[in-house]
Amino acid sequence: MSKAVLNDKKCKGCFLCASVCPKNALSDSGRINEKGYKIVALDTEKCIGCGACYRMCPDWAFEIVD
Ligand code: SF4
Ligand code: SF4
């Protein structure tokens, strides 16, 4: 099954991805990245690889891989 892969160095903490994930696989990680943004966490167990996060993220932080 396809899965999302998150590059959290690109994340700016807008959480638009979390708002569109049909599986609630994206949530607040409680961590800050090196640019100082609060970052999202991806639960790969819940992810079904639908690509909604990939399409929504304005900063291209996701890849969908097989
Ligand atoms: S949409 Fe992109 S920038 Fe916004 S929280 Fe999700 S991964 Fe981070
Ligand atoms: S690929 Fe789909 S299911 Fe997986 S994290 Fe992104 S929006 Fe959620």
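Looking only at the range 23-44, which residues are of a type outside the set (Gly, Ala, Ser) and within 12 Å of Ala4 (Cβ to Cβ)?
Within the range 23-44, Lys23, Leu26, Val40, Leu42, Asp43, Thr44 meet the criteria.
Find the residue count for the range 1-19, including only residues that are within 10 Å of ligand 1 (Cβ to nearest atom) and exposed (fewer than 14 other Cβ atoms within 10 Å of the Cβ).
2
How many residues does the range 28-43 contain that are loosely packed, with under 15 Cβ neighbours inside 10 Å and either over 10 Å from the mean Cα position of the chain (by Cα) or not in a loop (DSSP other than H, G, I, E, B) (or both)?
Result for the range 28-43: 7.
May I ask you to list the residues in the range 20-40 that are more than 11 Å from ligand 1 (Cβ to nearest atom) and at negative phi?
Passing the criteria: Pro22, Lys23, Ala25, Arg31, Ile32, Glu34.
Every number here is computed from the coordinates shown, using simple stated rules; none is lab data. These numbers come from a predicted model, not from an experiment. Cβ: placed from backbone, ideal geometry, glycine included. Neighbour counts: every protein chain shown.
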